[in-house]
Amino acid sequence: MSQTREQYTMGYGPAATAIMAVRTAQGHAAFFLPQLKPGMSVLDCGCGPGTITIGFAELVAPGQVVGTEIEDSHVALARANAAKRNVSNVRFEPADIYALPFDSASFDAVFISAVVGNLREPVRGLREAYRVLKPGGVIGIKEFDHGGDLLYPLDAALKQYNACYCRLRSENGHDPESGRKVGAFLLDAGFRNVKMSACYESMADPNALRGIAGAFAGLLSDGWGDAFKDRGWATNEDIREMSDAWLRFPETPGAFYAGAWVEVMAQKDGAS
Ligand SMILES: C[S@@+](CC[C@H](N)C(=O)[O-])C[C@H]1O[C@@H](n2cnc3c(N)ncnc32)[C@H](O)[C@@H]1O
C-alpha cells in the first residue's frame, strides 16, 4: 500500500519545521562531512527547510548541491534560506524520494536525514538513492529511533502521548524505530561497506527543552490531537493533560530529554 503526501509528512506544522530549521551540516551531519570535498555533487533527499543542504553547498563549492522535497512549502522555505545565506551552488526541487528526477550515476554523495522512518517502503527509496549515485559514491543516513528516547520526568500523560504518537505514525506507514534498521535496509538496497553508529541529541537547559516540548505539544494542535480522539485513543481531557504535561516538562527541575539518532555510511559498488 503506498502513502499519500499527507501521510509522508503527517502535516508538519510550524513548531516541527522550526526544530528542523536549526539543524546545520556541522551540528547534525558531522559524521558525513569528512566525505565531502570541494567540487563534489551532492543530493540531500527530503531536505526539509534546507539548512543542512546549504551547509553542504558551502563545503563543496564550486560543486553543485541539490535538495529535494515532497512538501512544496519546504522547497519554498529552503530556497528562501539559500537566498538569505547568499549561497548560489545549491538548488531545491520538489521530488518524491521514490522517483528522483535525475539520471542514474549523477551524484558523488547522497545524504538523507530523518526521512527513512517516514517511508512505508524504505528499501525502495534507498534503491532510488543508489541509482542516482555514481559508482563508488557514498551515502550518509541519519535516522531517529524513538526506542532510544530518554525522557525525565515521564508522567502518565507523556507516556500516553508517546504511545499515541508512535501508533499514529505507524498507521501512516512510518516506523518510529527505523534508526536501528537502516544498515539492513542499505544492504537490501545494494550498498556495501555499511558502517553504523549512534549518538544522542541531549537537552537539559530549559530553552532547548522548551523548543522540543513546544514541537511535540504543537503537533497536538496541528491535528494530531484530533486524530488521537477520532481513533478513540484519547479523550478531550487526555489531550489537555498531554498538552499541559509538555508545557510543564521544561520547567521541571532536573528535566532531561535525549533522542537517539543512528548514523550510517555506505557505498555504491564500483570505481572509487
Ligand atoms: C523530519 S523532516 C527532516 C528534514 C531534514 N532532512 C532534516 O533532517 O532536518 C522529513 C522530511 O522528509 C520529507 N519527506 C517525507 N516523505 C518524503 C518523500 N517520499 N520524498 C521526499 N521527501 C519526503 C518531509 O516533507 C520532511 O521535510
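The values are calculated or read from the model by the stated rules, or taken from the named source; none is laboratory data. None of these values were measured; they are calculated from a predicted model. When we count neighbours, we look across all protein chains shown, and the Cβ atoms used for this are built from the backbone with ideal geometry, even at glycine. SASA here: full protein model, heavy atoms, side chains in, ligands and nucleic acids out. Shrake-Rupley method; radii C 1.70, N 1.55, O 1.52, S 1.80 Å.
With the condition kept exactly as written, say whether any residue in the stretch 66-88 is assigned to a loop (DSSP other than H, G, I, E, B) and within 12 Å of the ligand (Cβ to nearest atom). Step through it out loud before you land on a result.
Here is the first cut: in the stretch 66-88, the ones assigned to a loop (DSSP other than H, G, I, E, B) are 70-71, 86-88.
Remaining after also requiring within 12 Å of the ligand (Cβ to nearest atom): 70-71.
Within the stretch 66-88, one or more residues are assigned to a loop (DSSP other than H, G, I, E, B) and within 12 Å of the ligand (Cβ to nearest atom).
Looking at the stretch 184-196, is at least one residue out of contact with any strand residue (DSSP E or B) (no Cβ under 8 Å at 6 or more places or on another chain) and not small (Gly, Ala, Ser)?
Within the stretch 184-196 (the criterion being out of contact with any strand residue (DSSP E or B) (no Cβ under 8 Å at 6 or more places or on another chain) and not small (Gly, Ala, Ser)), the answer is yes, since at least one residue qualifies.
Scan the stretch 189-212 and give yes if some residue there is open to solvent by less than 20 Å² (accessible area, probe 1.4 Å), hydroxyl-bearing (Ser, Thr, Tyr) and either over 30 Å from residue 243 (Cβ atoms) or outside any strand (DSSP E or B) (or both), otherwise no.
No.
I'd like to know if the stretch 48-63 contains one or more residues that are out of contact with any Cys (no Cβ under 6 Å at 6 or more places or on another chain), in contact (Cβ under 8 Å) with a residue 60 or more places away in the chain and surrounded by fewer than 19 Cβ atoms within 10 Å (Cβ to Cβ).
No, the conditions are met nowhere in the stretch 48-63.
Given 24, 68, which one is among the β-branched types (Val, Ile, Thr) and surrounded by 17 or more Cβ atoms within 10 Å (Cβ to Cβ)? Even if it seems obvious, please write down each step before you answer.
Working: 24 fails: surrounded by 17 or more Cβ atoms within 10 Å (Cβ to Cβ).
Just one listed residue meets the conditions, 68.
Might you check whether a residue that is under 18 Å from the mean Cα position of the chain (by Cα) and buried (at least 16 other Cβ atoms within 10 Å of the Cβ) occurs anywhere in the stretch 219-226? Full working, then the answer.
Our first condition is that a residue be under 18 Å from the mean Cα position of the chain (by Cα); within the stretch 219-226, this holds for 219.
When the remaining residues are screened for being buried (at least 16 other Cβ atoms within 10 Å of the Cβ), the result is 219.
Yes: the stretch 219-226 contains one or more residues that are under 18 Å from the mean Cα position of the chain (by Cα) and buried (at least 16 other Cβ atoms within 10 Å of the Cβ).
Does residue 39 qualify as being part of a loop (DSSP other than H, G, I, E, B), under 27 Å from residue 178 (Cβ atoms), modelled with pLDDT of 95 or more and not acidic (Asp, Glu)?
Spelling it out, it is not the case that residue 39 is part of a loop (DSSP other than H, G, I, E, B), under 27 Å from residue 178 (Cβ atoms), modelled with pLDDT of 95 or more and not acidic (Asp, Glu).
One residue is enough: does the stretch 44-55 have a residue meeting the conditions more than 11 Å from the ligand (Cβ to nearest atom) and either in a strand (DSSP E or B) or at pLDDT below 95 (or both)?
No, because not a single residue in the stretch 44-55 is more than 11 Å from the ligand (Cβ to nearest atom) and either in a strand (DSSP E or B) or at pLDDT below 95 (or both).
If you scan the stretch 110-144, which residues turn out to be assigned to a strand (DSSP E or B) and either within 10 Å of the ligand (Cβ to nearest atom) or open to solvent by less than 10 Å² (accessible area, probe 1.4 Å) (or both)?
Listed by number, the residues that qualify are 110, 111, 112, 113, 133, 137, 139, 140, 141, 142, 143, 144.
With (1) touching a residue at least 60 places away in the same chain (Cβ under 8 Å); (2) within 13 Å of the ligand (Cβ to nearest atom); (3) surrounded by fewer than 24 Cβ atoms within 10 Å (Cβ to Cβ) as the list, and residue 40 as the residue in question, which single condition is left unmet?
Single failed check for residue 40: (2).
Which one is surrounded by the fewest Cβ atoms within 10 Å (Cβ to Cβ), of the residues in the stretch 1-21 that are more than 8 Å from the ligand (Cβ to nearest atom) and assigned to a loop (DSSP other than H, G, I, E, B)?
1
Go over the candidates 161, 152 one by one and state the one that is among the hydroxyl-bearing types (Ser, Thr, Tyr) and either within 26 Å of residue 32 (Cα to Cα) or crowded, with 20+ Cβ neighbours inside 10 Å (or both).
Result of the check over 161, 152: 161.
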